[in-house]
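*Asks:* First, the structure itself, so that you have it in front of you.
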Amino acid sequence: MCGIVGYSGKRSAQEVLLNGLEKLEYRGYDSAGVALALEGGIYVVKSKGRLEVLRRKLEAENLPESFCGIGHTRWATHGEPSDVNSHPHSTPRVSIVHNGIIENYGPLKADLLAKGVTFESETDTEVLVKLIDYFCCAQPKQSPLAALREALAMVRGSYALGVLFRDEPDTIYAVKKESPLIVGWGEGENFVASDIPALLKYTRRYSVLEEGDMAVVKADGIRFYDAFGKPVEREVLTADWDEEAAEKGGYPHFMLKEIHEQPAAITATVSPRVEDGMPDLRIPELSDEKLRSIRNIHLVACGTAMHAGMVGKTAIERLARVPAEVDIASEFRYRDPILDPDDLVIIISQSGETSDTLAALRLAKSRGVPVLAVVNVVGSSIARAADYVLYTYAGPEIAVASTKAYMVQLCTLYLFAFRLAYARGRLSEAETRRLTAELLRAGEVIQPRLADCEQIKYLASRFVNTQSCFFIGRGFDYALSLEGSLKLKEISYVHSDAYAAGELKHGTISLITDGVPVIALATQKQVYEKTISNAKETKSRGARVILFTTKNVVVPEGVADYVVRLDDYDELLMPLQLIVPLQLFAYYMAVLRGCDVDKPRNLAKSVTVE
Ligand code: M6R
């Protein structure tokens, strides 16, 4: 959700903070702000809108150099996006930036109001800073650290915090509870950030704060304390992403760059898990014997990751004949799911920080069910909390719309399904090898789809003024309809719905009138004729149909206005090829409609609140 940064060192803090915030803007972009330690005290500059607005405001202020400060980019939860609701929230003595939610801010605020404290914003964060300030002034006088600890002891909720005290102008206090936070190690300078890209210009060495940790960050060192205030050490990790991986690299948008990075991401994810032509999960605890003992599989995730789970479910059931269910994490966590210790929960997440997904993971663990996480971010909360991890190697995904992360989630779930089916004797060794080889060449298979972008751009230009559209498909194609539809509405703001093609005539077909676009996906032999008939039914009612199908399918006259052909490829793996034109269609629709492709309105990349 929000992004926070902190710096103490020898460079211009303003510059370091702005650079870091630019890299974290994907986490929220309703407003931005910084607090800088200056001679006369803490100086705060903040404003509603994108980082650019803050940058201009700071230029106009022409402040003296500061070497320590905190910064924030906001995704609004409490209170509308406005200057006053922007972070940092401050008193003359203390300034804080916050990612998370203070759940009991109401009663805390009432208490402080009764004590004469006044408020100007609607935010939960202002309550926290006023509480810290209150303890700073308490008698006998408290140290900043003691005041911070006392305030946090009263708070319920989630937070990653950066705190700057007027009386310690060279120190950032960083605290973590249920929201991600890391510190970066430099030479004579140190950093605080919500995520790795904010550090990469300066350092690749970082440590992840654990639950309840506090880090005291100064230019010459970082000290850690655990949830009980005991001094602890935290491992120093090295990021394997470089700064360039988090830049646009000549593409107009991160989304387009990330779509084109998919072949490389596939190779990086699949190759290390293939040994002598056979899929190898490289998790000793998930031996073939263990895989044979699994009774049910629950795939749990949100948004695009959940759509990847739908493809995973179909592959697992089809190949291994193990019952598999897909759950939306925010539903799973509250619906008292039926779980058995012989089940396996597969948690899927790009960021590894999605709050509902993390809660679903914890629920499964509390019921004694083993959890396998498919995660892109190394050391993320989900990766750390799971029993086993299959990392996807997409590299940093910056665009809010997930593309390459989805692609490698699919690849990882396919690999898992192959090994599971082989271990259970449902797939022969020869067939397992053949499918694994097909998966290994997926990057090559999607290359022509990336090259076909002119055709997709043309289609987008034909549909650019549409108000609403429908995606239909069956089986894998239905799962892809959901993802294609989500991509389109998320970034182009065109209303769109996805239906199992056979379900259309049970109500939705009444919405098909002259000119309504229907995007029909028909790549699966067993059902493509059925889907084509459903497309024809919409065409007869005036729909404008785009049909995505494979090379040799004969499309009868009068079914589609446009046909997009995919190359022959194993049907089971066809989603890997089909998703590319759907991503490109959403992308070009958004570009042609003048939308902010990488930062769609109201959204944030990492959803760390419920
Ligand atoms: O980081 P996660 O994979 O856990 O995120 C889950 C969803 O929030 C995410 O996939 C979201 O739906 C994307 N914006 C879709 O493009």
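*Asks:* In the structure shown, do any of Lys505/Lys530; Lys10/Lys177; Lys109/Lys130; Lys404/Lys605; Lys23/Lys257 have a Cα-Cα gap over 18 Å, and if so which? Before the final figure, lay out the partial values.
*Replies:* On the way: Lys505/Lys530 13 Å; Lys10/Lys177 29 Å; Lys109/Lys130 9 Å; Lys404/Lys605 14 Å; Lys23/Lys257 16 Å.
Check vs 18 Å cut-off fails for Lys10/Lys177.
*Asks:* When the Kirkwood radius is taken over all Cα pairs of the range 454-589, what Stokes-Einstein diffusion coefficient follows at 4 °C and 1.567 mPa s, in µm²/s?
*Replies:* Once the numbers are plugged in, D ends up at 90 µm²/s.
*Asks:* Compute the distance in nm between two label points, each set 7 Å from the Cα along the Cα-to-Cβ direction, one at Asp340 and one at Asn62.
*Replies:* Each label point lies 7 Å from its Cα, and together they span 7.4 nm.
*Asks:* Right, next: I'd like the accessible area for Val377, computed on protein heavy atoms only with a 1.4 Å probe and all protein chains in place. Round to 10 Å², please.
*Replies:* In the full protein context, Val377 sits at about 20 Å².
*Asks:* Separate question: For the range 301-395, what does the accessible surface come to per residue with a 1.4 Å probe? Please give it in Å².
*Replies:* The answer is 33 Å² per residue.
*Asks:* How many angstrom lie between the Cα centre of the range 532-610 and the Cα centre of the range 463-528?
*Replies:* 8
*Asks:* Still on this model: Among the lysines, select those whose C-alpha is under 24 Å from the C-alpha of Lys290, and discard any that sit fewer than 8 residues away in the same chain.
*Replies:* Within the straight-line cut-off, Lys290 pairs with Lys313, Lys365.
*Asks:* Same structure, new question: Where the accessible area of the chain is counted over protein heavy atoms with a 1.4 Å probe, how much of it, in %, is carbon and sulfur?
*Replies:* 49
*Asks:* Additional query: Over the range 254-440, what portion of Cα pair distances is larger than 19 Å, expressed as a whole percent?
*Replies:* It works out to 55 percent of all Cα pairs.
*Asks:* Which value, in debye to the nearest 20, gives the size of the charge dipole of the chain about its Cα centre, when Lys and Arg are +1 and Asp and Glu are -1 at the Cβ? Could the numbers behind the result be given before it?
*Replies:* Values: 70 positive and 81 negative charges, 165 e Å.
My answer is approximately 800 debye.
*Asks:* Could you tell me how many degrees, from 0 to 90 and to the nearest 10, lie between the Cα long axis of helix 51-61 and the main elongation axis, the longest principal axis, of the Cα atoms of the chain?
*Replies:* 30
*Asks:* Find which of Val597, Gly229, Thr354 sits farthest along the positive direction of the dipole of the chain, computed with +1 on the beta-carbon of Lys and Arg, -1 on that of Asp and Glu, about the Cα centre.
*Replies:* Towards the positive end, the residue furthest out is Val597.
*Asks:* Highest first, please rank the peptides 265-271, 364-370, 190-196 by the mean number of other Cβ atoms sitting within 10 Å of their residues.
*Replies:* Per-residue mean Cβ counts within 10 Å order the peptides as 190-196, 265-271, 364-370.
*Asks:* Could you do me a favour and compute the accessible area per residue for the range 453-610, 1.4 Å probe, result in Å²? Before the final figure, lay out the partial values.
*Replies:* Values: 6130 Å² over 158 residues.
So the range 453-610 comes to 39 Å² accessible per residue, rounded to a whole number.
*Asks:* If you don't mind, another one. How large is the accessible surface per residue of the range 3-246, computed with a 1.4 Å probe and reported in Å² as a whole number?
*Replies:* Per residue, the range 3-246 has an accessible area of 40 Å².
*Asks:* Taking the Cα centre of each part, how many Å lie between the range 282-346 and the range 359-433?
*Replies:* The range 282-346 and the range 359-433 have Cα centres separated by 10 Å.
*Asks:* Identify, among Ile172, Gly20, Val192, the residue whose Cα sits farthest towards the positive end of the charge dipole of the range 3-246, taking +1 on the Cβ of Lys and Arg and -1 on the Cβ of Asp and Glu, with the dipole about the Cα centre.
*Replies:* Farthest towards the positive pole: Ile172.
*Asks:* Let me ask something additional. Calculate the spin-label point distance for Arg223 paired with Glu243, positioning each point 7 Å from the Cα along the beta-carbon direction, and give it in nanometres.
*Replies:* 3.2
*Asks:* Could you work out how far helix 476-492 tilts from the main Cα principal axis of the chain, as a 0 to 90 degree angle to the nearest 10?
*Replies:* Helix 476-492 and the main axis of the chain meet at about 40 degrees.
*Asks:* A further question follows. Provide Arg93, Arg333 ordered by accessible surface of protein heavy atoms (probe 1.4 Å), highest first.
*Replies:* Arg93, Arg333
*Asks:* Using a 1.4 angstrom probe and counting only protein chains, how large is the accessible area of Lys177 in Å², to 10?
*Replies:* 60
*Asks:* Please give the solvent-accessible surface of Thr403 in Å², to the nearest 10, using a probe radius of 1.4 Å with every protein chain present.
*Replies:* Counting only protein heavy atoms, Thr403 exposes about 0 Å² to solvent.
*Asks:* With labels modelled as points extended 7 Å from the Cα through the Cβ direction, what inter-label distance (nm, one decimal) is found for Asp111 paired with Arg321?
*Replies:* It works out to 6.1 nm between the two label points.
*Asks:* Also: Give me the net charge of Arg426's neighbourhood, meaning all other residues with Cβ under 10 Å from the Cβ of Arg426; Lys, Arg count +1, Asp, Glu -1.
*Replies:* Computed value for this residue: +2.
*Asks:* With a Förster radius of 60 Å, plug the Cβ-Cβ distance of Glu120 and Lys290 into 1/(1 + (r/R0)^6) and report the FRET value to the nearest 0.05.
*Replies:* With a Förster radius of 60 Å, E is 0.60.
*Asks:* What full-extension length gain, to one decimal in nm, is calculated for Glu80 and Asp561 as 0.36 nm per residue of separation minus the Cα-Cα distance?
*Replies:* Taking 0.36 nm per residue and subtracting the Cα distance, the gain is 168.7 nm.
*Asks:* Compute the acute angle (0 to 90°) between the alpha-carbon long axis of helix 355-366 and the principal axis of greatest extent of the alpha-carbon atoms of the chain; round to the nearest 10°.
*Replies:* The helix 355-366 is inclined about 80 degrees to the chain.
*Asks:* Separate question: Between Arg434 and Glu52, what is 0.36 nm times their sequence separation minus the Cα-Cα distance? Round to one decimal in nm.
*Replies:* Between Arg434 and Glu52, full extension yields an extra 132.4 nm.
*Asks:* Compare the peptides 569-576, 586-593 by average per-residue count of other Cβ atoms within 10 angstrom and give them in order, highest first.
*Replies:* With the highest mean Cβ count within 10 Å placed first, the list reads 586-593, 569-576.
*Asks:* So, one more: Sorted by average packing, counted as other Cβ atoms within 10 angstrom per residue and highest first, what order do 336-349, 12-25, 432-445, 471-484 take? Don't skip to the end; give the middle numbers.
*Replies:* Numbers: 336-349: 20.1, 12-25: 23.0, 432-445: 18.5, 471-484: 25.2.
Top to bottom by mean Cβ count within 10 Å: 471-484, 12-25, 336-349, 432-445.
The values are calculated or read from the model by the stated rules, or taken from the named source; none is laboratory data. If you're wondering where the values come from, they're calculated on a predicted model, not measured in any experiment. Please note: Cβ atoms are built from the backbone with ideal geometry, for glycine as well, and neighbour counts cover all protein chains shown. Side chains are part of the model used for accessible areas, which takes the heavy atoms of the whole protein and leaves out ligands, DNA and RNA. Shrake-Rupley method; radii C 1.70, N 1.55, O 1.52, S 1.80 Å.
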